[in-house]
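Beneath this line is the structure, given in structure tokens, with notes to follow.
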Amino acid sequence: MKKFLLVLACAAIASGVRAEGYQVNNMSAKQTGMGHVGTAMKLNSESIYFNPAATAFQKSKFNISAGFTGILSDVTYRSLPTKENGYQSGPAENSDNKLSTPLHVYFNYKPTDRLAVGLGFYTPDGSSMNWGSNWSGSHLIQEINLAAYTVQPTVSYKICDRLSIGVGLMVTWGNFDLSRSLLSKASRQGLIANMIDPSITSTKDNITKLEGVIAQLPDGDDKTAAQQQLAQAQGALQLLQNGKGYLESTMDQSIVAARLEGDANVAVGVNAGILWDINDQWSLAMSYRSRMNMKVDRGSAAMNIAPEAATLIAQLGQLSPGTELIPALDQGTFNTELPLPTTVTWGVSFRPTPKWEFAVDLQWVGWSAYKDLNVSFNEEELGIADIYSVKNYSNTLAFRFGGEYRATKFLTARMGMYVD
């Protein structure tokens with residue numbers, strides 16, 4: 001018997017997306033309706049993801065399931081009250097995120113009563129966030145898109161009628177892109193205070209000296225040369241003053257940004273589980289998903305520079321040779337690494353009657369593996385400093401609860417919740 005399920009589930013969620021980091025908990029449109037429980041449930045081919053051991057309890061010879069979920073997150077940021085802002089929270093800044101669509105396809109086959117083999121494809125991790133170019137944290141992030149894809153061949157075996165084990169090989173790859181502003185408000189203020197203002201002062205002093213020298217020189221080559229120096233100094237002063245005015249007037253705008261893109265190497269992990277079907281009413285189970293490190297060896301960067309900023313940077317570089325105002329990110333390639341954390345889930349399901357089923361999952365996620373994000377450039381001769389961000393994520397424990405009522409053969413009602 002073949003079964004095919006294609007469901008579109010749309011949800012507007014914010015807190016869940018933030019609490020889960022970049023883990024995606026929408027690997028079954030059906031189980032999302034039960035708070036994404038499923039470790040101790042017999043879900044046919046969908047157990048390839050939730051607990052490989054449960055696929056051996058499939059009653060039909062073949063089972064196929066496919067679906068996707070629409071996730072639309074809305075996040076608001078406000079700066080904390082400080083002495084500088086009069087102990088008032090900053091204005092609300094809202095993200096403008098696109099619709100994300102994690103998807104899944106599962107196929108399971110039982111050649112014998114005790115053995116099952118299957119194949120799954122799903123997107124276990126991902127994130128999409130767009131804060132725009134000019135929000136107050138643009139120097140940290142403007143936009144990020146992260147996606148991981150997994151193919152999982154799976155085998156499950158019933159040791160006895162009520163006890164099964166299963167294991168799947170997770171073959172995972174992915175890609176990401178992120179953009180951030182390179183000249184923050186603090187950087188521009190530092191550029192003005194440490195480079196432009198001192199240059200303006202010294203240039204004014206030089207102009208004053210040249211004017212005094214010219215006033216005392218008779219007409220001739222020396223006076224002509226001094227007048228040329230004066231004209232150059234006046235031009236430099238005008239350039240510096242214009243540059244300062246431009247930087248001060250664009251403090252709330254992103255005038256220089258970098259976009260980094262990379263494809264991750266294939267990583268391999270294990271998804272394993274055990275299911276004990278105690279009796280017709282109760283089942284206990286545990287599943288384990290190993291940590292994988294997604295490594296990018298040769299990512300690339302592109303620069304987005306406002307024309308006025310490009311002109312200013314070039315001119316300031318001429319006035320101060322050897323000073324690098326903007327790193328040449330687009331001239332090299334970078335490497336970075338992102339962990340997909342370990343997860344361990346314990347589950348129990350209860351079937352008081354043939355029409356009712358309740359389930360509880362307790363899931364531990366090893367987020368402490370995500371200590372930092374370091375982007376290092378491969379070409380040392382470029383002298384580009386690492387882009388380093390401290391993360392220091394903490395391990396989490398998520399509680400999930402769900403229930404379903406099979407009203408008829410074609411109608412099932414579900415409810416669920418989870419706290420992460």
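What follows is calculated from the coordinates using simple rules that are stated; it is not laboratory data. Being a predicted model, the structure only gives us computed values, none of them experimental. When we count neighbours, we look across all protein chains shown, and the Cβ atoms used for this are built from the backbone with ideal geometry, even at glycine.
Figures for the structure shown
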{"item": "Among beta bridges that DSSP assigns inside the chain, antiparallel share in %, nearest 5", "result": "95 percent"}
{"item": "Degrees, to the nearest 10: 307-319 long Cα axis against longest axis of the chain", "result": "50 degrees"}
{"item": "Sequence-distant lysines (8 or more away, or on other chains) whose Cα lies within less than 28 Å of K158", "result": "K2, K3, K30, K42, K59, K61, K110, K355, K409"}
{"item": "Surrounding net charge for M303, when Lys and Arg each add one and Asp and Glu each subtract one, Cβ distance under 10 Å", "result": "0"}
{"item": "Value of relative contact order over the chain, rounded to a whole percent, pairs C-alpha under 8 Å and six or more apart", "result": "15 percent"}
{"item": "Residue with peak Gaussian network fluctuation, the chain [Cα springs, cutoff 10 Å], from N94, N242, N108", "result": "N242"}
{"item": "Packing rank of 43-54, 259-270, 402-413, where each peptide gets the mean count of other beta carbons within 10 Å, highest leading", "result": "43-54, 259-270, 402-413"}
{"item": "Given (i) 22.6, 81; (ii) 30.2, 112; (iii) 23.6, 83, the label whose value is Rg and Dmax of the Cα atoms in Å derived from this model", "result": "(ii)"}
{"item": "The stretch 222-312: projected area of the alpha-carbon convex hull, averaged over directions, in nm²", "result": "13.1 nm²"}
{"item": "Part-to-part distance (alpha-carbon centres) for the stretch 243-281 and the stretch 389-406, which is given in Å", "result": "18 Å"}
{"item": "Given charges at beta-carbon only (K, R positive; D, E negative), |dipole| of the stretch 188-249 in Debye", "result": "260 debye"}
{"item": "Dipole axis of the chain (+1 Lys, Arg; -1 Asp, Glu on Cβ), positive-most option in L103, I305, I384", "result": "L103"}
{"item": "Two-site FRET efficiency, E337 against A306, from Cβ-Cβ distance with R₀ of 41 Å, rounded to 0.05", "result": "0.80"}
{"item": "Under 20 Å from the L373 label point (7 Å along Cα→beta-carbon), backbone N, the stretch 250-278", "result": "254-267"}
{"item": "The stretch 63-162 shape via C-alpha gyration tensor axes, a/c threshold 1.5", "result": "prolate"}
{"item": "Gyration tensor (Cα) of the stretch 188-249, equivalent ellipsoid semi-axes in angstrom", "result": "29, 10, 7"}
{"item": "Theoretical ellipticity at 222 nm over the chain - DSSP helices of four or more residues, -39500 (n - 2.57) apiece, nearest 500", "result": "-6000 deg cm²/dmol"}
{"item": "Partner lysines for K83 [C-alpha distance under 24 Å; skip if fewer than 8 residues away on the same chain]", "result": "K185"}
{"item": "Segments 292-302, 114-124 sorted - mean Cβ within 10 Å per residue, highest first", "result": "114-124, 292-302"}
{"item": "Candidate lysines for bridging to K295, where Cα separation is under 23 Å - those fewer than 8 sequence places away on the same chain excluded", "result": "K371, K391"}
